[in-house]
Amino acid sequence: MLGGLEAIRAIQRSGVRPRRSIELVIFSAEEPTRFGIGCFGSRLLAGILDPASLRDKEGRTLDEWRATAGFHGDVTAVRLPGGHYSAFVELHIEQGPMLEREGVPLGVVTAIAAPASLRMWIEGEGGHAGAVLMPDRHDAFCAAAEIVLAVEAAARSTGAVDTVGTVGVCDVFPSAVNSIPSRVRLEVDVRDIDLPRRDGVLAKIEQACADVASRRSVKIRTEVVNQDAPAQCDARVVEALARAADAHGMAYRRMVSRAYHDTLFLSRIAPSAMLFIPCKGGISHRPDEYASPDAIAAGALVLAEALAELSLLNLIL
């Protein structure tokens, strides 16, 4: 946000007179929410989220929580039509180690991976941890453990560096040391920049669930939380960023964003791209996440240069 603000201030100081207005957009809830999805604000802005369909793990709706917070406005009123913006650019840390490792100050993003998120419930049979013998067990957690490994195997099976699979949530019930787990809830995240390849991984996970359920005599129910399509960044915006880096003598590499961002959804309604700067150790989503002032300044400078150029162009989605 501050990088975008400083880029606009730099354009003002430069005396450039843009033909189009340049806006700083601040989105809400970019990180995953209680409803299992992230980029809440940009999804609404792009008109690709139905708020009425949202439920948290307790079954409570967005409207219920909004009422609790005292907010009753129409969240769909922020929707913008395609063509409202001529271009959209987002400055972000890489959230990985590549730029720092290679000593490259900038990354020009050409594609953004997208997640498919699943919730799974594994229903087995509980019992006393001592009294129920091993041949008689239908342990939900043991079944879940197999599924976790199946997610990893399915992601690795593509042989593509851009395919990743993660089980980030595992709730075990009744969660007592002397009780056989009767129920487990998993949340699965599969990402790729190639949609058919990602869907192939999902199919393998689905088959693994069926095999585990049959072999272990447990029930497995799966819910698709979201299944967003990856995005290719607009070549014209990508080249504007590349030219901006060249104009200031800064090296850059073209790269894929394996994390998803608000740009993924703005790309549905506007020509879009991203600019990355290095972060220390590739660390992100931790208290010790850090980008140096020099790296931030370089990103803001190139962003300003690119925005100035884009504001003079007439891009059409």
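The values are calculated or read from the model by the stated rules, or taken from the named source; none is laboratory data. Small disclaimer: the values here were computed from a predicted structure and weren't measured. Cβ sites come from the backbone with ideal geometry, for glycine too, and all protein chains shown count toward neighbours.
Looking across the stretch 192-206 at every residue that is in contact with an Asp or Glu (Cβ under 8 Å, 6 or more places away or on another chain) and aliphatic (A, V, I, L, M), the one that is surrounded by the most Cβ atoms within 10 Å (Cβ to Cβ) is identified as Val201. Out of the residues in the stretch 2-31 that are in a helix (DSSP H, G or I) and among the charged types (D, E, K, R), state the one that is nearest to His285 (Cα to Cα). The selected residue is Glu6.
Quick grid of which residues meet (1) out of contact with any Gly (no Cβ under 6 Å at 6 or more places or on another chain); (2) in the same structural domain as Ala300 (by TED's automatic domain parsing); (3) without any contact (Cβ under 8 Å) to a residue 40 or more places away in the chain:
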| residue | (1), (2), (3) |
| --- | --- |
| Arg34 | yes, yes, yes |
| Arg43 | yes, yes, no |
| Ala67 | yes, yes, yes |
| Gly96 | no, yes, no |
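The single residue among Arg119, Arg13, Arg17, Arg55 that is among the charged types (D, E, K, R) and in contact with a Phe, Trp or Tyr (Cβ under 8 Å, 6 or more places away or on another chain) turns out to be Arg55.
Per the conditions (1) on the phi > 0 side of the Ramachandran plot; (2) under 21 Å from the mean Cα position of the chain (by Cα), the sole criterion not satisfied by Leu266 is (1). Checked against the criterion of being in a strand (DSSP E or B) and within 18 Å of the chain's Cα centre (by Cα), the stretch 70-88 contains one or more residues that satisfy it. Checking each residue in the stretch 1-56 for being β-branched (Val, Ile, Thr) and under 22 Å from Ser267 (Cβ atoms) picks out Ile8, Ile22, Val25, Ile26, Thr33, Ile37, Ile48. Is the stretch 198-206 home to any residue that is out of contact with any strand residue (DSSP E or B) (no Cβ under 9 Å at 6 or more places or on another chain), in a helix (DSSP H, G or I), closer than 18 Å to Asp139 by Cβ and touching a residue at least 24 places away in the same chain (Cβ under 8 Å)? Checked against the condition, which is being out of contact with any strand residue (DSSP E or B) (no Cβ under 9 Å at 6 or more places or on another chain), in a helix (DSSP H, G or I), closer than 18 Å to Asp139 by Cβ and touching a residue at least 24 places away in the same chain (Cβ under 8 Å), the stretch 198-206 yields no hits at all.
crowded, with 21+ Cβ neighbours inside 10 Å, assigned by TED's automatic domain parsing to the domain that holds Ser214 and part of a helix (DSSP H, G or I): does that describe Ala143?
On the way: crowded, with 21+ Cβ neighbours inside 10 Å: yes; assigned by TED's automatic domain parsing to the domain that holds Ser214: yes; part of a helix (DSSP H, G or I): yes.
Judged against the criteria, Ala143 is a match.
The rows are residues; the columns are (1) among the polar types (S, T, N, Q); (2) buried (at least 16 other Cβ atoms within 10 Å of the Cβ); (3) closer than 27 Å to Arg254 by Cβ.
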position: Gly3; (1), (2), (3): no, yes, yes
position: Leu24; (1), (2), (3): no, no, yes
position: Lys57; (1), (2), (3): no, no, no
position: His72; (1), (2), (3): no, no, no
position: Leu91; (1), (2), (3): no, yes, yes
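For the condition more than 17 Å from the chain's Cα centre (by Cα), at pLDDT 95 or above and either of a type in the set (Gly, Ala, Ser) or not in a helix (DSSP H, G or I) (or both), Arg253 qualifies.
Of the residues making up the stretch 89-140, those that are outside any strand (DSSP E or B), closer than 30 Å to Leu303 by Cα and touching a strand residue (DSSP E or B) at 6+ places or on another chain (Cβ under 6 Å) are Glu94, Leu99, Val104, Ala113.
Of all residues in the stretch 207-250 being part of a loop (DSSP other than H, G, I, E, B) and surrounded by fewer than 19 Cβ atoms within 10 Å (Cβ to Cβ), which is modelled with the lowest pLDDT? Restricting to residues being part of a loop (DSSP other than H, G, I, E, B) and surrounded by fewer than 19 Cβ atoms within 10 Å (Cβ to Cβ), the top hit is Ala229. Taken over the stretch 1-58, the residue count meeting the criterion of being within 30 Å of Val224 (Cβ to Cβ) and among the basic types (Lys, Arg) is 4.
I'd like to verify a number: residues in the stretch 11-22 that are among the polar types (S, T, N, Q) and surrounded by 15 or more Cβ atoms within 10 Å (Cβ to Cβ), how many? Residues meeting the conditions: 0. Screening the candidates Ala116, Ala160 for the property of being surrounded by fewer than 16 Cβ atoms within 10 Å (Cβ to Cβ), touching a helix residue (DSSP H, G or I) at 6+ places or on another chain (Cβ under 7 Å) and under 23 Å from Leu195 (Cβ atoms) yields one hit, Ala160. Do we have Arg34 as basic (Lys, Arg), assigned to a loop (DSSP other than H, G, I, E, B) and exposed (fewer than 11 other Cβ atoms within 10 Å of the Cβ) here? Criteria not met by Arg34.
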